[in-house]
Amino acid sequence: MTVARVALSFLCVACLVLSSQTVTAQGTIFAPGWTLQPDASTVRFQSVKNLTKVESSGFAQYQGKIDPDGSAEIRIFLDSVDTKIDLRNVRMRFLFFETFEFPEAVISTTIDPAALADLAKLRRKIIPLTFDLQLHGVTKPLETEVAVTLVGEDIVAVSSTEPISIATSDFNLDGGIKKLEEAANVAIVPSATVTFDFLFSKNAGEQVVAEAKPEATEAAATAIEPEGNLDDEACKGRFEILSRTDNIYFASGSARLDARSAPLLDSLVDIIARCPDLKIEVGGHTDSDGSAAGNQRLSERRAAAVEDYISAKNVSALRISSVGYGETRPVASNDTPDGKRRNRRIEFTVVE
């Protein structure tokens, strides 16, 4: 065999190998990538109040993708939480999820394309899945089973096969549970079960858009914070809820605002701007440690510091005032650390 023929043989073998690799890469179930169809997807969570009352809630806005290698990411925008009641949605945003600081929950995982090589033939397959859930500043691995269904040649569904239990303590959400309990005067089980149904469309050419589910369309209309001005009832409810957040921070014994207070106060400024007919009082409160006179001065200075922050955001001084109440209006016992924490607070009240 001549050198030329040997070289040609090697070249042909190389071509076959490269061709095989290309077919394999291009032939995976997730090539050339898939995009989440948010209006046709749902995430729901079930919570239990007062031991027996089960409530089901969801979200209205998502974003997600599956790459050709099977790596997947889904972002759930927590401000779109939907309980079907406006002020309950606001409580969930500010008191539980604290969306002013943690606006998203992120699910990330890798689905092995080889495990779904026969999906075109079977059309539906149940596979085990390990995924990471990033929520409220915590990332935790979880395990479940999912059903992957080839709805059409360009549409695939990934759905939970059973509820996934999530404990609030795993994501530093126990404090949020307490705030919800105090705000609504209920007892809440500190865990929830979650189910999901995600629809993805193939990225090749013009993407196929799945038909939106009626419940998803309804959620988008009712859950998202409305634009423009709010009515008086919505304004008053929001200020009452913001007074319960416990997310305005001062150095111990000081009226100096901590930088961690900015996300909540900026959200407050936005709400004040959308309640243009109302005047707001910033009320400062303390626990009973120290002298009554000292606590009175501290409460006045802290309330004034919040007023100054809001006024600096182009809110008219005619619409905002500050008052210090010292230790005279406790909302809990000063005999426990938690009670003292609750009494050290800033409240926002509509001035009639």
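The values are calculated or read from the model by the stated rules, or taken from the named source; none is laboratory data. Computed from a predicted model, the values in this text were never measured in an experiment. Neighbour counts run over all protein chains shown; Cβ positions are idealised from the backbone, glycine included.
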Matching residues in the stretch 241-259 (out of contact with any strand residue (DSSP E or B) (no Cβ under 8 Å at 6 or more places or on another chain) and in contact (Cβ under 8 Å) with a residue 60 or more places away in the chain) number 4
Determine whether residue 153 is surrounded by fewer than 18 Cβ atoms within 10 Å (Cβ to Cβ), within 30 Å of residue 248 (Cβ to Cβ) and in contact with a Lys or Arg (Cβ under 9 Å, 6 or more places away or on another chain). no
Close pairs (7 angstrom Cβ cut-off, 6 or more residues apart or separate chains): closer than 17 Å to residue 258 by Cα in the stretch 299-327, part of a strand (DSSP E or B) and among the aromatic types (Phe, Trp, Tyr) anywhere: 302/250
So which of 312, 304 is over 29 Å from residue 181 (Cα atoms), aliphatic (A, V, I, L, M), modelled with pLDDT of 95 or more and buried (at least 17 other Cβ atoms within 10 Å of the Cβ)? 304
So which residues in the stretch 76-98 are farther than 16 Å from residue 226 by Cα and of a type outside the set (Asp, Glu)? 76, 95, 96, 97
Residue tally, condition in a helix (DSSP H, G or I) and β-branched (Val, Ile, Thr), over the stretch 337-352: 0
Residue 95 vs. criteria assigned to a helix (DSSP H, G or I), touching a residue at least 12 places away in the same chain (Cβ under 8 Å), touching a Lys or Arg at 6+ places or on another chain (Cβ under 8 Å) and closer than 30 Å to residue 266 by Cα: yes
Within the stretch 72-90, restricting to residues that are of a type in the set (Asp, Glu) and either touching a Lys or Arg at 6+ places or on another chain (Cβ under 9 Å) or modelled with pLDDT of 95 or more (or both), the one that is surrounded by the most Cβ atoms within 10 Å (Cβ to Cβ) is 82
Could you please let me know if residue 281 is assigned to a strand (DSSP E or B), under 32 Å from the mean Cα position of the chain (by Cα), surrounded by fewer than 17 Cβ atoms within 10 Å (Cβ to Cβ) and not assigned by TED's automatic domain parsing to the domain that holds residue 176? yes
Assess whether residue 329 counts as being assigned to a helix (DSSP H, G or I) and over 26 Å from residue 99 (Cα atoms). no
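Each row is one residue, and each column tells you yes or no for (1) modelled with pLDDT under 50; (2) farther than 28 Å from residue 116 by Cα; (3) over 45 Å from the mean Cα position of the chain (by Cα).
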site	(1), (2), (3)
1	yes, yes, yes
5	yes, yes, yes
18	yes, no, no
40	no, no, no
46	no, yes, no
Residue 105 vs (1) under 17 Å from the mean Cα position of the chain (by Cα); (2) free of Cβ contacts under 8 Å to residues at least 12 places away in the same chain: all pass except (2)
Checking the conditions here, which among 186, 138 is surrounded by fewer than 17 Cβ atoms within 10 Å (Cβ to Cβ), touching a residue at least 12 places away in the same chain (Cβ under 8 Å) and more than 30 Å from residue 69 (Cβ to Cβ)? 186
Is it the case, given these coordinates, that residue 338 is within 21 Å of residue 241 (Cβ to Cβ) and out of contact with any Pro (no Cβ under 7 Å at 6 or more places or on another chain)? yes
